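Working notes, structure below.
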Amino acid sequence: MSDFKSYIKNNSENNGAESNCVISESEKKQCEEKLKNTAKKYEGKSEDELMGEILKQVAAGKSSGELKNSDIDEFYKKVSPMLNREQRKKLDSIINKIK
C-alpha cells in the first residue's frame, strides 16, 4: 500500500518536525504532479467506487505485509487535524471499515 506507506515514511523521516519540513522545489513539483494524476484517476467516481478502490488497495497492502493497522493509525493521526468535523467523521468511518 504505497500511498499510506509513503505518507508515513515521508513524514517520519523529518523527525516529527512536520511544520518545519523543507522540501526542494523539484520534490514539491513531483508531489504535486503525483497528486494531480491521482485525483484525475478518480475524478467522476462515485463514493461507492472510491470506497471499493480503497478497500481493494488496503486488502492488497495487508496481504503483502506492506500495510499494518499501525500505519493506518499513524496516517489518521497526521491527517485528521487538517480536516473539519464532517471530513473527520467520514475519515473515521473509512478507517473503521479498513481496519
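Nothing in this text is a laboratory measurement; each read-out follows from the coordinates by a stated rule. Note that this is a predicted model, so its numbers are computed, not measured.
Among the listed pairs K34/K56; K56/K90; K29/K62; K56/K89; K40/K78, those with a Cα-Cα distance over 27 Å are K29/K62.
Computed over the Cα atoms of region 18-92, the ratio of the radius of gyration to the Kirkwood radius (Rg/Rh) comes to 1.00.
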